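J.: Below is the structure I would like to discuss, written out as structure tokens.
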There are 6 protein chains.
Amino acid sequence: MTEAAASAQTRQDRFERGMRVLTEIDGESGRKVIDSLADISPELGHQIVAWAFGDIYRRPGLAPRDRQLVTLGMLTALGGCEPQLDVHINAALNVGLTPHEITEALLHSAVYCGMPKALNATFVAKKVFAERNLLPVDSA
Amino acid sequence: MTEAAASAQTRQDRFERGMRVLTEIDGESGRKVIDSLADISPELGHQIVAWAFGDIYRRPGLAPRDRQLVTLGMLTALGGCEPQLDVHINAALNVGLTPHEITEALLHSAVYCGMPKALNATFVAKKVFAERNLLPVDSA
Amino acid sequence: MTEAAASAQTRQDRFERGMRVLTEIDGESGRKVIDSLADISPELGHQIVAWAFGDIYRRPGLAPRDRQLVTLGMLTALGGCEPQLDVHINAALNVGLTPHEITEALLHSAVYCGMPKALNATFVAKKVFAERNLLPVDSA
Amino acid sequence: MTEAAASAQTRQDRFERGMRVLTEIDGESGRKVIDSLADISPELGHQIVAWAFGDIYRRPGLAPRDRQLVTLGMLTALGGCEPQLDVHINAALNVGLTPHEITEALLHSAVYCGMPKALNATFVAKKVFAERNLLPVDSA
Amino acid sequence: MTEAAASAQTRQDRFERGMRVLTEIDGESGRKVIDSLADISPELGHQIVAWAFGDIYRRPGLAPRDRQLVTLGMLTALGGCEPQLDVHINAALNVGLTPHEITEALLHSAVYCGMPKALNATFVAKKVFAERNLLPVDSA
Amino acid sequence: MTEAAASAQTRQDRFERGMRVLTEIDGESGRKVIDSLADISPELGHQIVAWAFGDIYRRPGLAPRDRQLVTLGMLTALGGCEPQLDVHINAALNVGLTPHEITEALLHSAVYCGMPKALNATFVAKKVFAERNLLPVDSA
């Protein structure tokens with residue numbers, strides 16, 4: 001256990017640690033998801049922050065950029081996770097993946113998940129890239 | 001075979017028995033789904049009523065409340081079933097599950113299905129609870 | 001390898017061969033999907049045309065009508081593929097499946113995929129059939 | 001409603017009608033599945049026979065061969081259904097699909113489900129074809 | 001936050017709290033899963049215990065019996081989770097669900113997940129019930 | 001289009017190009033999969049080699065190590081792809097991912113896919129690492 005992990009042990013400390021990681025990776029869109037849970041399931045919001053980000057994401061064994069590659073693969077494969085793909089394609093850009101690397105990862109997903117899921121994920125990327133003025137992407 | 005099952009054997013009888021169960025559990029929203037099938041696949045509507053509700057749901061071996069817990073778990077895990085989650089979160093309330101029990105079941109689903117599917121289901125619950133003036137829910 | 005396959009070996013030839021198959025089966029809606037990829041992932045568009053249609057679909061071992069039956073089954077089972085179901089229910093009509101055969105295939109899917117996915121696919125069929133003035137369908 | 005449907009209305013009649021369809025399509029392997037349910041869930045066995053086969057499969061709106069094409073697509077896409085693929089690849093052969101059409105359908109599935117699921121289904125076909133002395137299959 | 005939650009804040013305390021819940025619900029089979037992770041991913045073992053059981057399962061908002069109903073639904077729907085179904089059908093019996101309620105829940109799952117997944121789960125139940133001398137189950 | 005792509009245009013050239021990539025990444029285990037398809041679906045084997053590896057994998061836009069991270073995420077999320085996870089955990093090691101990075105990626109997958117799929121994938125890693133004398137892995 002790292003010293004940082006040892007020092008974040010109260011429920012509140014773990015939440016604050018997670019919120020710093022969440023903000024770094026997902027930026028404003030991650031925070032909005034947590035806020036929108038306040039009146040329906042604040043505990044789900046707490047666990048996403050304190051556990052998913054505070055306990056798992058911050059671990060040093062896999063770089064943030066690598067975590068987003070794994071995450072893009074999972075969200076594409078699961079299907080029906082377009083809102084989460086939106087957040088995580090933004091996150092992927094935030095941690096240093098280029099638009100070309102992202103579309104290449106989604107092209108690669110066609111081999112394992114088939115064309116429909118590759119298409120669904122690519123159209124989410126198109127929306128995110130449009131919002132961030134990153135179109136067109138050259139995948140040649 | 002119960003006496004009730006024995007007495008509902010014609011196609012029409014099985015349909016009517018199922019419609020009584022469907023109306024009890026799903027209320028108006030279940031009936032609307034069946035109505036919307038009338039011009040595209042009336043037989044699918046018939047089978048949902050006569051088989052799913054008339055043959056399976058009405059069986060005494062598992063209480064209606066318990067059936068909704070299993071159903072919430074399945075619909076959350078399948079993914080892409082938001083319209084059916086809407087119907088069955090309403091049904092869950094109709095058969096006696098509290099809003100807190102429902103959000104707790106969806107928090108529990110994060111352990112088995114992961115955060116994205118837990119989130120998708122929770123946002124359907126938020127919509128249903130808002131329509132029925134059940135917000136905020138305290139999940140502490 | 002057929003003579004046709006042998007003669008379409010350059011990247012451009014394979015694309016053109018695929019575009020002929022795509023246009024025959026999916027019509028305008030297939031072409032629109034490829035066009036919408038131009039600024040985000042032209043290579044994904046290329047592979048759908050050159051590989052999926054040019055290499056796989058055109059193979060003589062399974063009739064186009066049979067391929068659409070398999071495809072409807074897969075898209076229904078995968079879940080979350082409503083945009084692709086729209087394209088392929090249109091394609092199914094284009095290659096000779098009747099509206100009744102399509103709704104019957106989706107009723108059949110309830111046995112293997114459950115009611116929610118059968119319903120989701122049937123409502124896409126309802127939308128497509130409405131656009132093509134094919135409602136009501138008698139499934140008796 | 002056909003006359004046949006009208007005449008099979010008791011629980012026992014529906015079961016017997018279904019058992020005739022099941023035996024025709026799935027042969028011995030279908031019957032074994034039902035038998036193996038006798039001590040754990042006889043009602044699930046009853047519903048597979050009376051509902052899935054007696055009510056749905058026997059409907060005249062889609063030919064048995066066409067139903068197997070849809071079914072192969074669904075079972076391949078769902079994943080984790082190797083035991084059911086075994087039964088239904090046998091069934092596909094029983095209702096007139098050739099080994100080449102079956103492997104072509106599974107090759108086609110790679111486009112929509114990705115290579116892993118296409119491979120898993122193809123290896124089940126290899127096992128079934130070996131048992132029935134149908135190897136090698138030429139897919140050229 | 002309950003007092004118990006407040007008092008279990010160190011990494012070690014959260015682990016010990018979770019191990020008590022895990023042992024209560026899953027018994028020996030849960031512990032074996034954790035042990036088998038020791039040489040490959042002790043941190044995954046830690047998180048299953050400290051987070052899944054220590055943070056989520058022990059929450060008072062949903063009874064252990066209800067959590068198992070949701071869990072059986074999810075594991076059946078996900079597919080390919082036979083090892084986890086084995087653990088959780090055992091857990092379901094441990095927290096008070098009867099064999100008949102479990103088979104009834106799995107029969108119910110056929111409506112939402114289709115027959116193949118209902119069958120796969122039911123055959124896991126057959127194995128578990130055989131090991132615990134609970135066969136035959138009468139589902140009439 | 002790169003010069004390499006331009007020069008590999010015949011069916012045979014594309015196959016040979018793919019076989020070089022497949023051998024580099026997957027080693028012997030990839031080749032065995034292709035060989036085992038020879039008598040059941042040689043065309044599926046051809047497409048895996050010529051298309052998946054020859055057309056997609058070899059593209060320079062995403063490093064081999066990055067492709068394996070995406071692939072591990074997809075195979076974990078899809079479920080029921082244990083044979084492919086075996087091949088690709090080997091591939092991940094071949095292209096430079098460390099055992100610790102792999103187990104960390106699978107721990108990360110618990111957040112998005114839930115514990116059962118994370119566990120299933122981790123136990124495949126355990127088998128592969130044991131075969132390659134890479135146990136124990138320290139994930140602290």
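J.: In the stretch E:48-64, how many are at the interface with chain B (Cβ under 7 Å from one of its Cβ atoms) and either surrounded by fewer than 21 Cβ atoms within 10 Å (Cβ to Cβ) or modelled with pLDDT under 95 (or both)?
T.: Number of matching residues: 2.
J.: Looking at D:Ala38, is it outside any helix (DSSP H, G or I) and at pLDDT 95 or above?
T.: Answer is yes for this residue.
J.: If D:Ser109 passes every condition in (1) more than 7 Å from every other protein chain (Cβ to nearest Cβ); (2) under 21 Å from F:Val33 (Cα atoms) but one, which one does it miss?
T.: So D:Ser109 meets the others, but not (1).
J.: Let me ask something additional. Got a number for residues in the stretch C:26-41 being within 23 Å of A:Thr98 (Cα to Cα) and open to solvent by less than 10 Å² (accessible area, probe 1.4 Å)?
T.: 3
J.: Further, regarding this structure: Condition first: in a helix (DSSP H, G or I) and either of a type in the set (S, T, N, Q) or within 7 Å of chain D (Cβ to nearest Cβ) (or both). Now tell me which residues in the stretch E:120-140 satisfy that.
T.: E:Asn120, E:Thr122, E:Ala125, E:Lys126, E:Phe129 - these are the residues of the stretch E:120-140 that are in a helix (DSSP H, G or I) and either of a type in the set (S, T, N, Q) or within 7 Å of chain D (Cβ to nearest Cβ) (or both).
J.: Which number in (1) part of a helix (DSSP H, G or I); (2) open to solvent by less than 10 Å² (accessible area, probe 1.4 Å); (3) closer than 30 Å to E:Val137 by Cα marks the one condition that B:Pro116 misses?
T.: (3)
J.: Show the residue pairs meeting these rules: Cβ distance below 6 Å; 6+ apart or different chains; first residue within the stretch E:41-64 and without any contact (Cβ under 8 Å) to a residue 60 or more places away in the chain; second residue assigned to a loop (DSSP other than H, G, I, E, B).
T.: Hits for this filter: E:Ser41/F:Ser139; E:Pro42/F:Ser139; E:Glu43/F:Ser139; E:Leu44/E:Leu37; E:Gly45/E:Leu37; E:Pro64/E:Val95.
J.: List the number of the failed condition for B:Val111; all other conditions in (1) surrounded by 21 or more Cβ atoms within 10 Å (Cβ to Cβ); (2) closer than 22 Å to E:Thr103 by Cα hold.
T.: Checking B:Val111 against (1) surrounded by 21 or more Cβ atoms within 10 Å (Cβ to Cβ); (2) closer than 22 Å to E:Thr103 by Cα, the one that fails is (2).
J.: Looking at the stretch F:65-97, which of its residues are of a type in the set (A, V, I, L, M), open to solvent by less than 10 Å² (accessible area, probe 1.4 Å) and in a helix (DSSP H, G or I)?
T.: F:Leu69, F:Val70, F:Leu72, F:Met74, F:Leu75, F:Ala77, F:Leu85, F:Ile89, F:Ala91, F:Ala92
The values are calculated or read from the model by the stated rules, or taken from the named source; none is laboratory data. All values reported here derive from a predicted model rather than from experimental measurement. As a convention, Cβ positions derive from the backbone with ideal geometry for all residues, glycine included, and neighbour counts pool all protein chains shown. Heads up: the accessible areas ignore ligands, DNA and RNA and are worked out on the full protein's heavy atoms, side chains in. Shrake-Rupley method; radii C 1.70, N 1.55, O 1.52, S 1.80 Å.
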